[in-house]
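Some notes on the structure that comes next.
The values are calculated or read from the model by the stated rules, or taken from the named source; none is laboratory data. Keep in mind that what you see is a predicted model, and the values were worked out from it rather than measured. Cβ placement follows ideal geometry from the backbone for every residue including glycine, while neighbour counts extend to all protein chains displayed. Surface areas here come from the heavy atoms of the whole protein model, side chains and all, with no ligands, DNA or RNA. Shrake-Rupley method; radii C 1.70, N 1.55, O 1.52, S 1.80 Å.
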Amino acid sequence: MSNTTRPRILQRGRLLPQLESALAAEFDVHLLDAEQDNTAWLAEHGHTFVALTSSARYGADRALIDALPNLRVISSFGVGYETIDVAHARERGIQIGYTPDVLNDCVADTAFGLLMDAARRFSASDRFVRRGEWLAGQYPLTTRISGKKLGILGLGRIGRVIARRASGFDMEVRYHNRRALPDAPFAYEPTLHGLARWADFLVVASAGGAETRKLVDAGVLEALGPKGFLINISRGSVVDEAALLDALREGRIAGAGLDVFEREPQVPEAFFALDNAVLLPHVASATHETRQAMADLVFENLRSFFAEGHVKVAVP
Ligand code: DGY
């Protein structure tokens, strides 16, 4: 039953249970996923919603935005917003809130976890112990991390925290962005190829979306070379996955640590046989503490919009 005195919110995709409870206590929320035929249901009820909650995963495309003619605000769970048609929402005067910054630490921690695992082969050597192979001999030598060269593609909010973590490992840091950042205390590499050639570890921390699609291609992997490691905590779309698979299979790079893939949750089976790849199910921000902070921000963005007319943290 709808409650017309409270703002009516359409929920796209499930959220943390505590966030769903908090939203239900303050707003009149309807879960779109509960409907069998979204298009038909929205044609009848779309006009009743003034707000939409979504996430980096589900986003809000033009069709969904158009199905909500009275939509005034989108509150999205996540720092990535390439799945939201921001330009179209803006044309309609719709505000968009999201959840940056609160996840920087956990995503940077994951980047370093992947980097260490790829280089020192912790997961692979764990499998070695479980298979009982230690009884037959020592695990092969791995690659040192401390003192090595870390290249960051995308020195944004998360990239800067990754760079800070690197100082604890006495690593030299360089970065590549579209433009050099005047306040960055690291050397700028004007090309991604140059950064890959220089780096022992190349960490992808750029945003997803059309502008960064397949930036890390076969040529960049070739430049990284047979002793280089690729770490991706950004979006699968930034890396040419087929080229990466070839490079890993043929030993043209040393290894990879991947939290993200092109078509999640589908991971090409060819990865499963590769001991030089560490594969995570997109969990970089998935700790109790960080997901709670993201949930709080989703809620605060809506509350602020309805109380003060603007979301607390708006998509730039
Ligand atoms: C984000 O916040 O964009 C993360 O990738 C989680 O989806």
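Give me log10 I(q)/I(0) at q = 0.19, 0.22 Å⁻¹ for region 186-266, Debye formula, one equal scatterer per alpha-carbon, no solvent.
Debye intensities relative to I(0), on a log10 scale: -0.75, -1.01.
Could you give P(r) for region 1-130, binned at 10 Å from zero, as whole percent values over all Cα-Cα pairs?
P(r) over region 1-130, rounded to whole percents: 11, 35, 26, 13, 11, 4, 0.
How large is the helix-only mean residue ellipticity at 222 nm for the chain, computed as the sum of -39500 (n - 2.57) over DSSP H runs with n ≥ 4, divided by its residue count, in deg cm²/dmol to the nearest 500?
For the chain, the value works out to -10000 deg cm²/dmol.
Between the DSSP loop rule and a limit of at most 11 other Cβ atoms within 10 Å, which trypsin sites (Lys or Arg not before Pro) in region 95-200 are left?
Taking region 95-200 and a limit of 11 other Cβ atoms within 10 Å, the loop trypsin sites (Lys or Arg not before Pro) found are ARG131, ARG144, ARG178, ARG179.
From the square roots a ≥ b ≥ c of the eigenvalues of the alpha-carbon gyration tensor of region 73-205, which class results: rounded (a/c under 1.5), prolate (a/b over b/c), or oblate?
oblate
About the Cα centre of the chain, what is the dipole size in debye to 20, counting +1 per Lys and Arg Cβ and -1 per Asp and Glu Cβ, all else neutral?
In total the dipole reaches around 760 debye.
Which aspartates and glutamates, on any chain, are close to LYS227 with Cα under 13 Å apart, when same-chain ones fewer than 8 places away are left out?
The reachable aspartates and glutamates, counting only those whose Cα sits under 13 Å from LYS227, are ASP200, GLU250.
Take every Cα pair under 8 Å in the chain that's 6+ residues apart, average their separations, divide by the length, and report that relative contact order as a whole percent.
Taking the mean separation of contacting Cα pairs over the length of the chain, I get 17 percent.
Return a whole-number percent for the relative contact order of region 104-279, with Cα pairs under 8 Å and 6 or more residues apart as the contact set.
Relative contact order for region 104-279 comes out at 22 percent.
Working from the pairwise distances between different alpha carbons, so that the mean of 1/r is found and then inverted, what is the chain's Kirkwood radius in Å?
21.1
Gap in Å between the Cα centre of region 261-285 and the Cα centre of region 47-74?
Their Cα centres are 30 Å away from one another.
Compute the signed sum of charges (Lys and Arg +1, Asp and Glu -1) over the other residues within less than 14 Å, Cβ to Cβ, of LEU248.
Once all neighbours under 14 Å are counted, the net charge is -3.
Nearest 10 degrees is fine. How inclined is helix 288-308 to the longest principal axis of the chain, computing both from alpha carbons?
Between helix and principal axis, roughly 30 degrees.
Does anyone have the angle between helix 104-120 and the longest principal axis of the chain? Alpha-carbon axes, 0 to 90°, nearest 10?
30
Just the accessible area per residue of the chain, please: how many Å² with a 1.4 Å probe?
Here the residues of the chain average 49 Å² of exposed surface.
Could you please state how large a percent of the accessible area of the chain is carbon and sulfur, counting protein chains only and using a 1.4 Å probe?
52
Checking the a/c ratio against 1.5 first, then a/b against b/c, what shape does the Cα gyration tensor give for region 59-106?
prolate
As I understand it, the dipole of the chain uses +1 on the Cβ of Lys and Arg and -1 on the Cβ of Asp and Glu, about the Cα centre. Which of LEU23, THR110, GLY236 lies farthest toward its positive end?
It is THR110, whose Cα lies furthest towards the positive end.
Quick check: with the 1.4 Å probe, what order do ASP37, ASP85 take by accessible area, largest first?
Putting ASP37, ASP85 in descending order of accessible area: ASP37, ASP85.
How large is the convex hull of the Cα atoms of region 104-279 per residue, expressed in Å³ as a whole number?
It is 114 Å³ per residue.
Setting aside same-chain residues fewer than 8 positions from LYS312, which lysines have a Cα under 18 Å from its Cα?
By straight Cα distance, LYS312 reaches no lysines at all.
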